[in-house]
Amino acid sequence: MWNSLAETMLKLFLAMAVGFFCNKKGMLDTASNKKLSGLIVTVTCPALILASVQNVDAAQKGQVILLIFFGLAMYMGLVLLSWVMCRVMRIPAEKRSVCQVLLIFANSSFMGLPVAQSLFGDQAVFFTSMLHLGFNLYMYTLGIHLLMKGSGRTGKSDWKSMVNAGTISGILALVLFFTGWEIPPIVHEGIAFVGNLTPALSMIVLGSMLAEYPVRELFTDKQMYKISLLKLIVFPVLIWLAGRLLFPDAQIQGVILVSTAMPSAALCVMMANKCGSGEETAAAGVFLTTILSIVTFPLLCGILLL
């Protein structure tokens, strides 16, 4: 698996380097990043999820149900762990809520899905989407509550935002899996063709987004390194160990580690901006965890999955 892991990471980070270069040369900018991100989130990622379901063995229905409940429990556990650790580390009150959000929500779709597909194949995309089915539920309820609390205000859960392309495609994939219905071959090929654009496109956009961050300023926050250590190593290992007790399937174990070892979700920055709470802290966390994951992710996978 070393060769597969090395090849996968090299391809993904080369695509990220292309995005970084294109941004510096003016071929990509904030506006194009936003539009391409929308394309990935609403079109190519959902297509990738739908295309993956026909490659999953129907005999794994029990494991899929367990994976969904494991994912919901995982997010509840992350809420508790992040609350405890932010106080143990004495994170200032004005940053505490944002840091909790950074610790809870990983870049499981934008970056996690293509990485899982590259390492484990199409089935892994389906397993990843089932594991993180609760992402939108928690982000648009608890996430908003925490960020509003951090800004000294109160806010309502954004229930409408939970009904999006990612959630719908996950539910459709679940229905197709449990009913045994199959997408017509010609339609499936078209969906898969669009979905397979996700890995390269998402890494290019991510590289372009990183090119716009003020690097020097973001590397001076010492507490953010502690947050990154928890996010990229400690929490993923704890979740992976729990997953090993429940899932004998090595592929599912791999999916659990890969998707939870991703950096903080870029959506954290957008939500912080929307709620008026610690946008700079959120940006620093997303940037630093993304950069550090270039080292921590292959290291973690190399040690635990080989």
* Structure fact -> Close lysine pairs (the chain; alpha-carbon distance under 19 Å; 8 or more apart or on separate chains) counted at 15
* **Relative contact order of the chain, pairs being alpha-carbon contacts under 8 Å that are 6 or more residues apart, as %** => 32
* To do: Report, in degrees rounded to the nearest 10, the 0 to 90 angle that the Cα long axis of helix 93-104 makes with the longest principal axis of the chain.
  => 10
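Would you mind classifying the chain by shape? Square roots of the alpha carbon gyration tensor eigenvalues, ordered a ≥ b ≥ c; an a/c under 1.5 is rounded, otherwise it is prolate if a/b is larger than b/c and oblate if not. Kindly include the intermediate steps, with their values, before the conclusion.
Working: a/c = 1.42, a/b = 1.27, b/c = 1.12.
Rounded shape, in that the Cα axes give a/c under 1.5.
If each residue's Cβ is checked for other Cβ atoms within 10 Å, how do PHE127, PHE178 rank with the fewest at the top?
Working: PHE127 27, PHE178 13.
Ascending number of Cβ neighbours within 10 Å: PHE178, PHE127.
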* So how far apart, in nm, are the two label points at ILE303 and ALA59 if each is 7 Å from Cα heading toward Cβ? -> 3.5
* Distance between the range 235-296 and the range 130-151 - C-alpha centres, whole angstrom -> 14
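Given axes a ≥ b ≥ c from the Cα gyration tensor, I'd like to know whether the range 200-290 is rounded (a/c under 1.5), prolate (a/b larger than b/c) or oblate. Working shown, then result.
Values: a/c = 2.27, a/b = 1.78, b/c = 1.27.
Because a/c hits 1.5 or more and a/b exceeds b/c, the range 200-290 counts as prolate.
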* **Point-to-point label distance, ALA165-GLU189, nm (Cα→Cβ direction, 7 Å offset)** => 2.4
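Can you sort TYR138, TYR213, TYR225 from fewest to most other Cβ atoms within 10 Å of each residue's own Cβ?
Values: TYR138 19, TYR213 16, TYR225 11.
Sorted ascending by nearby Cβ count, the order is TYR225, TYR213, TYR138.
Determine, from the Cβ-Cβ distance of LEU72 and MET27 and an R0 of 30 Å, the FRET efficiency 1/(1 + (r/R0)^6), rounded to the nearest 0.05. Show your work: numbers first, answer last.
Details: r = 41 Å, r/R0 = 1.38.
Once the sixth-power term is evaluated, E becomes 0.15.
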* Compute the FRET efficiency between LEU245 and MET270 as 1/(1 + (r/R0)^6), taking r as their Cβ-Cβ distance and R0 = 25 Å, and round to the nearest 0.05. => 0.10
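Below 8 Å, C-alpha to C-alpha, sequence gap of six or more: please give me the relative contact order for the range 194-269 in percent. Intermediate results must be reported in sequence, preceding the final value.
Numbers: 23 pairs, mean separation 21.6, N = 76.
Once normalised by length, the contact order is 28 percent.
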* Asked: Using alpha carbons only, how many degrees (0 to 90, rounded to 10) separate the axis of helix 122-131 from the longest principal axis of the chain?
  -> 50
* Degrees, to the nearest 10: 2-24 long Cα axis against longest axis of the chain -> 50
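Can you sort ILE40, ILE183, ILE91 by how many other beta carbons sit within 10 Å, fewest first?
Numbers: ILE40 23, ILE183 17, ILE91 20.
Arranged by neighbour count, lowest to highest, ILE40, ILE183, ILE91 become ILE183, ILE91, ILE40.
All of the numbers you see were taken from the coordinates with simple rules; none came from a lab. Quick caveat, the model's predicted, so the values are computed rather than measured. When we count neighbours, we look across all protein chains shown, and the Cβ atoms used for this are built from the backbone with ideal geometry, even at glycine.
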